[in-house]
Amino acid sequence: MFEDLHWIDPETQALLDSLVESLPSARLLLFLNYRPEYRHGWGSKTYYTQLRLDPLPRASAEELLETLLGSGPDLTLLKALLIERTEGNPFFLEESVRALAETQALAGDRGAYRVVRPISSIQVPATVQAVLAARIDRLSPDDKRVLQSASVIGETATFAILQAVADMPEEELRQALDRLQAVELLYETSLFPDLDYTFKHGLTYQVAYTSLLLERRRTLHVRILEAMERLYADRLGEQIERLASHAFRGEAWEKAVTYLRRAGAKAFAHSANRQAVAYYEQALTALSHLPESQQTLEQAIDLRFDLRTSLFPLGEMDKIVGHLREADRLARVLGDQRRLGWVSVYMAHYSQATGDSKRAHEAARAAHTIGEALADLALETGARFYLGWSAFSLGDHVGAEGHLRSVVASLEPHRRGERCNLTGFPAVMARWVLSMCLAARGELDEGIAVGREGIRIAEELDHAYSLILACWGPVDAYRIKGELHEATRLGERALGLCRDWNVTGLSPLVRAVLGDLYARTGRIADGFGLLQEALTAIESMRGGSSWDTSFRLHLGEAYARLGRLEQASATAERALLVARERGNRGCEGHALCFLGELALHADPPEIETAQVHCRQSLALAEELGMRPLAAHCHLGLGRLHGRAGRRHEADESLARAATMFREMAMRPWLEQAETELKALG
């Protein structure tokens, strides 16, 4: 059970989100409660049910009042009045009774009160906030000041900080706190390592805070900030979120920028990306209050870079490109080549992630030129990674391999732990794409070894985003070899990490990878569902994704396994069109090969169409050095020649396919080719 979610902290929210995502596969009943202002994204889940907690029905409200007031006959009219005014809200009822006792409309003790004033003269405020405000106003000046000061500190107030801002001797402060506990406005919640007090109810805290004039609030926030800086001088990092909040609310704008940026970095390091974004956005707001200077313009650019890094795992592409365009404008105003280089790196990432590999390659090349001119190793590393990734998508496997191996070499052995201002660690991400590049070229064992090394590094760095990509890396090599069990195990691990760490930007991509593997291993319904779900999410992204053409082909293959050949063909034709528009030549080759298979299995078989597609695919595969695809094309040509009665051509194509499958240790496919050869006699 999770209670009072309206007070949840970012790390616990991330944990809860991952738990909610995992519920369909777990024997677990999860209870939650929260106020209406709390927002979540679970409403559309089929396994989520919301029960509204309405005000108490009259019988229950009467029972509660019996406990609070007593059962005397003089209380009957008062109970009716309270139920009418509070509409059965239990907290409102409790606070109203306490207020009546404090104002001496009631005499006696809890559960045994009697009415001592005419019912007609008793006024019950219209809201619980009004009741609380009246209770606070009735406090002595010292007690009221202490309560209000505590509210500015936060829902939990540490005694040492309260003492620093309360403007009264320690003994008087302790007596005031005792009185506030006696009237149940505050509770003592912790003695060690700090003496802490918390408000009985969040509404009490809010009413006490809003009862202060804005200027008084601002002054108290600044004093609290200064007290915290003194008290926690040797461990500011532990208090960074509270420091940021007090600096922002106290309008200490320069400190607010510093602390908010540090709080954002801390949240990002813990994969609390949504909270990191909130801190960085607040830092930008604080920065806008400072006079414009070179320093503030540089900070404005760097904060937008921070935002981009935190927004990407959340998949919020529109916000990313908006921040990058503004960063580009500011960098040009400053004439800052290094920051312009980083804008180009991040635009390369944005373009690649949204499917425009040509533009990504151009941006990465511009960034690399600047990096070389400035001898900036981090900038060169980022640029080379995106040169490699975009080259891979465009089918330039040799060029991609060169760039990616350069990244790997430049980080060995002592720079593996450098992030180089990227979302993930380039020592891992370069191996992720390099593993897939080697798999596409038929270097399967090396692709697996490179991918495994990426997993090991990501585990050592303990970074969720990088580890997700690392697990994805060798999946292609395992799949091409036919080792589907290990590929599936890695896909499931990657998806589990997406859920556990709320990496929503990668989740649809990993779902598509896993959906394809499920479909290949006989779990067609599960795989088809995951693929459809993933592609729907990907299509909602601005521009799509660099992976959506290959994932669309996987969906087409799933249609074919279900016997839905028309949908399979339409899906493959769409993938081919998009691949050609984007210049994704490797995907184009795979789409042609699949269309050839579909034509061969049509009723009746479309032999000539199948041959055209297979030969076009083979030409691309040979040009791009994609040996596994070329082997599949030879297998397809052998089959269609056999269907057409061209035995000699069939024998040549199947023998060539068998040789290639044997060389690459693609055993399931080798068995198919050998079976076809035997069938020829």
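In the range 582-591, the condition of being under 28 Å from the mean Cα position of the chain (by Cα), closer than 29 Å to ASP17 by Cα and in a helix (DSSP H, G or I) is met by no residue.
Only residues that are within 23 Å of GLU460 (Cβ to Cβ) and of a type in the set (A, V, I, L, M): list them for the range 386-428, please. Selection gives LEU404, VAL407, VAL408, ALA409, LEU411, LEU422, ALA427, VAL428.
Screening the candidates GLY556, GLY583 for the property of being in contact (Cβ under 8 Å) with a residue 12 or more places away in the chain, on the phi > 0 side of the Ramachandran plot and out of contact with any strand residue (DSSP E or B) (no Cβ under 8 Å at 6 or more places or on another chain) yields one hit, GLY583.
Against the test of being within 25 Å of the chain's Cα centre (by Cα) and outside the structural domain of GLU298 (by TED's automatic domain parsing), the options GLY264, GLY202, GLY237, GLY250 yield a single qualifying residue, GLY237.
Set side by side, the residues GLU171, GLU184 differ, and just one is on the phi < 0 side of the Ramachandran plot, of a type in the set (Asp, Glu) and surrounded by fewer than 18 Cβ atoms within 10 Å (Cβ to Cβ), which is GLU171. Elements of the type helices (runs of 4 or more DSSP H) sitting completely within the range 483-541 and holding at least 1 residues that are among the basic types (Lys, Arg): these cover 484-501, 507-520.
When the residues of the range 266-279 are filtered to those that are buried (at least 19 other Cβ atoms within 10 Å of the Cβ) and part of a loop (DSSP other than H, G, I, E, B), the one that is modelled with the lowest pLDDT is SER271.
All told, ALA375 falls short of being over 19 Å from LEU461 (Cα atoms), modelled with pLDDT of 95 or more and in contact with an Asp or Glu (Cβ under 9 Å, 6 or more places away or on another chain). Would a scan of the range 141-150 turn up a residue that is surrounded by fewer than 19 Cβ atoms within 10 Å (Cβ to Cβ), on the phi < 0 side of the Ramachandran plot and of a type in the set (Val, Ile, Thr)? Checked the range 141-150: no residue is surrounded by fewer than 19 Cβ atoms within 10 Å (Cβ to Cβ), on the phi < 0 side of the Ramachandran plot and of a type in the set (Val, Ile, Thr).
Would you mind finding the one in ARG479, ARG499, ARG489 that is without any contact (Cβ under 8 Å) to a residue 40 or more places away in the chain and either more than 24 Å from LEU19 (Cβ to Cβ) or surrounded by fewer than 21 Cβ atoms within 10 Å (Cβ to Cβ) (or both)? None of the other options fit; the residue is ARG489.
Taking the numbered list (1) of a type in the set (A, V, I, L, M); (2) more than 38 Å from the chain's Cα centre (by Cα); (3) in the same structural domain as GLY70 (by TED's automatic domain parsing) in turn, VAL146 passes all entries but (3). Being surrounded by fewer than 20 Cβ atoms within 10 Å (Cβ to Cβ) and either touching a residue at least 24 places away in the same chain (Cβ under 8 Å) or assigned to a helix (DSSP H, G or I) (or both) holds for only one residue in ALA400, ALA449, and it is ALA449. Whether a residue is among the small types (Gly, Ala, Ser), at pLDDT 95 or above and not assigned by TED's automatic domain parsing to the domain that holds ARG431 was assessed, and ALA458 does not pass this test. Figure legend. Inter-residue proximity from the range 93-117: first residues closer than 17 Å to VAL131 by Cβ, second residues part of a helix (DSSP H, G or I) and among the β-branched types (Val, Ile, Thr), beta-carbon distance below 7 Å, spacing 6+ or different chains. Indicated pairs: LEU93/THR86; GLU95/VAL128; GLU95/VAL131; SER96/THR86; SER96/VAL131; ALA99/VAL131.
Selection of helices (runs of 4 or more DSSP H) fully inside the range 3-87 by the criterion of at least 3 residues being within 30 Å of SER271 (Cα to Cα) and at pLDDT below 70 returns 10-22.
Do any helices (runs of 4 or more DSSP H) lying entirely in the range 280-387 carry at least 3 residues that are hydrophobic (A, V, I, L, M, F, W, C) and under 29 Å from ARG580 (Cα atoms), and which ones are they?
Working: elements: 294-311, 317-334, 337-353, 357-374.
Where helices (runs of 4 or more DSSP H) fall fully within the range 280-387 and carry at least 3 residues being hydrophobic (A, V, I, L, M, F, W, C) and under 29 Å from ARG580 (Cα atoms), they are 317-334, 337-353, 357-374.
Taking the criterion of being surrounded by fewer than 20 Cβ atoms within 10 Å (Cβ to Cβ), among the β-branched types (Val, Ile, Thr), free of Cβ contacts under 8 Å to residues at least 40 places away in the same chain and outside the structural domain of ALA439 (by TED's automatic domain parsing), would at least one residue in the range 535-549 satisfy it? Looking for residues that are surrounded by fewer than 20 Cβ atoms within 10 Å (Cβ to Cβ), among the β-branched types (Val, Ile, Thr), free of Cβ contacts under 8 Å to residues at least 40 places away in the same chain and outside the structural domain of ALA439 (by TED's automatic domain parsing), one finds at least one in the range 535-549, hence yes. Is there a residue in the range 182-192 that is under 42 Å from the mean Cα position of the chain (by Cα), within 25 Å of SER96 (Cβ to Cβ) and hydrophobic (A, V, I, L, M, F, W, C)? The answer is yes, given that some residue of the range 182-192 is under 42 Å from the mean Cα position of the chain (by Cα), within 25 Å of SER96 (Cβ to Cβ) and hydrophobic (A, V, I, L, M, F, W, C). The single residue among LEU106, LEU191, LEU139 that is within 17 Å of VAL207 (Cα to Cα), modelled with pLDDT under 95 and aliphatic (A, V, I, L, M) turns out to be LEU139. Contact annotation: residue pairs with Cβ atoms under 6 Å, 6 or more positions apart or on different chains, pairing a residue in the range 343-358 that is farther than 17 Å from MET429 by Cβ and polar (S, T, N, Q) with a partner that is modelled with pLDDT of 95 or more and assigned to a helix (DSSP H, G or I), are SER344/ALA363; SER344/ALA366; SER344/ALA367. Taking the condition modelled with pLDDT of 95 or more, in contact with an Asp or Glu (Cβ under 9 Å, 6 or more places away or on another chain), β-branched (Val, Ile, Thr) and part of a helix (DSSP H, G or I), does VAL222 pass? So VAL222 fits the description; yes.
The values are calculated or read from the model by the stated rules, or taken from the named source; none is laboratory data. What you see is a predicted model, and the numbers here were worked out from it, not measured in a lab. Note: ideal-geometry Cβ built from the backbone for every residue, glycine included; neighbour counts use all protein chains shown.
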